[in-house]
Amino acid sequence: AANNMDASTPERKALEEELEVLRRLDPESPWYEANGAFLAMADGRAQEAVDRLTRLLARDDLAPAARQKILGYRCEAHTTLERFDLALADLEEALRLDPAAAGPLRRYSWILLHQGRFEEALTRIRQAIALYPDHNWNDTILGWVLYSLGRWEEAIAPMAKSCGRNSEQWECASHAKALHRAGRTREARVAAERAAGLRENAIGAWELGIYWALAGDKTAALRLLRRAVDLGYWLTPRDIEKTVRDRELASLRDDPRFKAILSDAE
């Protein structure tokens, strides 16, 4: 989410304007501080976000629903900092507040996915879908979990749905990747070209770069990965380590231009 809230996007500007109105009307509102923390995370200041949200969670006037949502924000910040145990602890508390809440289950699945615990992630996202079938993120996460399990053909349908529903460049690029890995290369090329025509952002350019690396077009892959970094895409040290080992980017591994891109993404 953070990589998709680039400083120049209409969504970012609209949120900043809304927060300024809220600051004038009710500076003590928990949502002023919570969304300010979210923007800090979007700008790469995850520790600042954790600190702000921790102070906010120390308040004794938060309704259970508000506390649950703020715990979700802090979970995302902990995840960015690769503090997965703390992130999961926040989700456990959120689920104690409401065991039938689909949102924490979705986040749980996303963290398990990042930890490589793919079968557990699949269980959690299916639980979330059973509770709230129509949420926008369900198909996105389900598609990614199936893709990570190497079940590329199964990943195509949920990825196609998330691309069609949200028209986000990165989701449509992920759909192209799944089609390519499933051997449907012509359809993949069409999907990638469609993704290229959508509104550009950092994570979208990065995913398209990976697609072109898979498709064997090294020039296009390097151009898009560089573009992603120029648009604000950033990686933690662990992300960079994983990216260097990523089989999908193996064709770029020894290229000094790729190494320079990773260095600039830190």
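The values are calculated or read from the model by the stated rules, or taken from the named source; none is laboratory data. As the structure is a computational prediction, the values presented were derived from the model and not from experiment. A quick note on method: Cβ atoms are made from the backbone with ideal geometry, for glycine too, and the neighbour counts reach across all protein chains shown. Note: accessible area is taken over every heavy atom of the protein model, side chains too, but ligands, DNA and RNA are not part of it. Shrake-Rupley method; radii C 1.70, N 1.55, O 1.52, S 1.80 Å.
Distance between the pseudo-spin-label points of Arg186 and Asp230 (7 Å out from Cα toward the beta carbon): 3.4 nm. Once neighbouring chains are kept in place and the probe is 1.4 Å, which whole percent of the accessible area of the stretch 88-133 is contributed by carbon and sulfur? C and S fraction of accessible area: 54 percent. Where does helix 102-114 land angle-wise versus the long Cα axis of the chain, in degrees 0 to 90, nearest 10? The answer is roughly 40 degrees. In the chain, helices alone account for a calculated mean residue ellipticity at 222 nm of -23500 deg cm²/dmol, with every DSSP H run of four or more residues adding -39,500 (n - 2.57).
With 0.36 nm allotted per residue and the present C-alpha distance subtracted, the Ala100-Gln115 stretch has 3.0 nm of extension available.
Comparing Arg184, Arg151, Arg55 in a Gaussian network model of the chain where C-alpha atoms under 10 Å apart are linked, the largest mean-square fluctuation is found at Arg55.
Spacing of the modelled spin labels on Arg165 and Arg253, each 7 Å from Cα toward Cβ, amounts to 3.6 nm. Against the chain, whose longest principal axis is taken from its Cα atoms, helix 30-42 shows a tilt of about 20°.
Consider all pairwise Cα distances in the stretch 26-135 and report the whole-number % of them above 17 Å. Could the numbers behind the result be given before it?
Values: 3207 of 5995 pairs.
Everything past 17 Å amounts to 53 percent.
Quantify, in whole percent, the carbon and sulfur part of the accessible surface of the stretch 181-248 (1.4 Å probe; protein heavy atoms only).
Looking at the stretch 181-248 in its full context, I get 47 percent from C and S.
Counted residue by residue at 0.36 nm each, then reduced by the alpha carbon distance between them, the extension gain from Glu193 to Glu28 reaches 54.7 nm.
Note: relative contact order over the chain, using C-alpha pairs below 8 Å and six or more positions apart, is 11 percent.
Scalar couplings 3J(HN,Hα) for the stretch 57-71, obtained by applying the Karplus form with A = 6.51, B = -1.76, C = 1.60 to θ = phi - 60°, are 5, 6, 5, 9, 10, 8, 5, x, 5, 5, 4, 4, 5, 5, 4 Hz; x denotes Gly and Pro. For the chain, modelled as a GNM whose springs connect Cα atoms under 10 angstrom apart, the maximal fluctuation among Gly197, Gly36, Gly216 occurs at Gly197.
The modelled label-to-label distance for the pair Ala58/Glu82, using points 7 Å beyond Cα in the direction of Cβ, is 2.9 nm.
Normalised Debye scattering of the chain at q = 0.07, 0.12, 0.14, 0.16 Å⁻¹ gives log10 I(q)/I(0) of -0.26, -0.77, -1.05, -1.34, counting only Cα atoms as equal scatterers and leaving out solvent.
Using the 1.4 Å probe convention, the accessible area of the stretch 30-69 works out to 48 Å² per residue with neighbouring protein chains retained.
For the chain, a Gaussian network of Cα nodes joined below 10 Å ranks Leu225, Leu53, Leu131 by mean-square fluctuation, and the top entry is Leu131.
For Phe38, the solvent-accessible surface with a 1.4 Å probe is about 30 Å², rounded to the nearest 10. A cysteine counts as unpartnered when no other cysteine's C-beta lies under 4.7 Å of its own; in the chain this applies to Cys75.
Going through the stretch 95-140, which trypsin sites (Lys or Arg not before Pro) have at most 11 other Cβ atoms within 10 Å and a DSSP loop state?
On the way: sites: Arg96, Arg106, Arg107, Arg117, Arg124, Arg126; in loops: Arg117.
Here no loop site has a sparse enough neighbourhood.
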